[in-house]
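This report refers to the structure that appears directly beneath it.
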Protein chains: 2
Amino acid sequence: MDSKIFNLKAKLEVYKAMTNGGNFADCPVRDVIQGISGKWSSLLVMALAEKPYRFGELRRLVPDISQRMLTQTLYDLQRDGYVHREVFPTKPPSVEYSLTDLGRSMFAPLQMLVQWAELNRDAVREARAAFDAAQA
Amino acid sequence: MDSKIFNLKAKLEVYKAMTNGGNFADCPVRDVIQGISGKWSSLLVMALAEKPYRFGELRRLVPDISQRMLTQTLYDLQRDGYVHREVFPTKPPSVEYSLTDLGRSMFAPLQMLVQWAELNRDAVREARAAFDAAQA
DNA sequence: AGTGGTAGTCTCAAAAAGAGACCAGCACTA
DNA sequence: TAGTGCTGGTCTCTTTTTGAGACTACCACT
């Protein structure tokens, strides 16, 4: 075992002590990770990292998101402080979404993961195909 | 805008060309990200990065996961090639789960995100509290 | 004979996500 | 002047996903 890999068990004990001493259910890191690991969260953060977008622009950019989920995911991202929402009083009022500083700082490590995914998507697809073939 | 931030729109065009030319729905990166962004996936990968664990050990380590979701998440991780499953013919047969090389290589960027979450969990919680207070 | 540990599966209820209709207000067009 | 479309959503209904908990079979130990 690589000793540089952090010790999860020790961390769990720390979290137990930090929270209610009982279980590991409300581990604060999990809380944060969960907020950004939703189906659409990372995609929207990636989009907004490029430049601010309006609601309809995001909808067109990600065609297979429903309006309902776009609304809700943006709301959640705003609530967690990653995204800023600004309404402009144009004739049909337009709403612009942009990353906050916190959002940009979170985007950095997220991008690492996305880059890994880009590099390794073939490996994952092959593994998946091999597994499915073995199951059949 | 920071010019070092990659251009999502250009990427989207590339993906469009790579897939069916139509929409961005089956973007391969999203496919990979989705596999590791489940509610339990990252947590189990983090656990297995420390050392291999057996089914029951994982269940005890993460007390609030149901057996059903543990089974299924491990199955999915195995299917995508992140996790290796090995059955030992002990008297009650025991099953050991461990990370594959692919899993370990994915854990590296995942850890970046987890470290970010550790450092910024307070900021996120404050943002959340402020937002909720403003809504009320 | 009863208890506990092994790794699950099965069923049913609750929560989350997806599909699509609907809304008000303004601009442009026929 | 009535229709059409764009703005950013909400509302309802259905499908999918998740969670809770009972149940299985086998073996060891008491």
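The values are calculated or read from the model by the stated rules, or taken from the named source; none is laboratory data. Remember, it's a predicted structure, so these values are computed and weren't measured experimentally. Glycine also receives a Cβ, built like all others from the backbone with ideal geometry; neighbour counts cover every protein chain displayed.
For segment A:36-63, a tally of residues being more than 7 Å from chain B (Cβ to nearest Cβ), assigned to a helix (DSSP H, G or I) and not hydrophobic (A, V, I, L, M, F, W, C) returns 5. Looking only at residues in segment A:47-70 that are aliphatic (A, V, I, L, M) and touching a helix residue (DSSP H, G or I) at 6+ places or on another chain (Cβ under 9 Å), the one that is surrounded by the most Cβ atoms within 10 Å (Cβ to Cβ) is A:L48.
Report, by residue number, each residue of segment B:37-46 that is in contact (Cβ under 8 Å) with a residue 12 or more places away in the chain and either crowded, with 17+ Cβ neighbours inside 10 Å or aromatic (F, W, Y) (or both). Steps first, please.
Looking only at segment B:37-46, we keep the residues that are in contact (Cβ under 8 Å) with a residue 12 or more places away in the chain, and these are B:38-46.
Hits for segment B:37-46 are B:G38, B:W40, B:S41, B:S42, B:L43, B:L44, B:V45, B:M46.
With respect to the conditions (1) in contact with a Pro (Cβ under 9 Å, 6 or more places away or on another chain); (2) crowded, with 21+ Cβ neighbours inside 10 Å; (3) hydrophobic (A, V, I, L, M, F, W, C), B:V87 lacks only one, and its number is (2). Within segment A:15-27, not a single residue is modelled with pLDDT of 90 or more, buried (at least 17 other Cβ atoms within 10 Å of the Cβ) and part of a loop (DSSP other than H, G, I, E, B).
Scanning segment A:64-120 for residues being outside any helix (DSSP H, G or I) and either closer than 22 Å to B:F131 by Cα or within 13 Å of DNA strand D (Cβ to nearest atom) (or both) gives a total of 23. Can you find, within segment A:75-92, the residue that is farthest from the other protein chains (Cβ to nearest Cβ) among those that are within 13 Å of DNA strand C (Cβ to nearest atom) and farther than 19 Å from B:A117 by Cα? Selected residue: A:K91.
Across segment B:94-113, the qualifying residues are those that are more than 20 Å from A:E126 (Cβ to Cβ) and more than 9 Å from chain A (Cβ to nearest Cβ), and the one among them that is farthest from the chain's Cα centre (by Cα) is B:S94.
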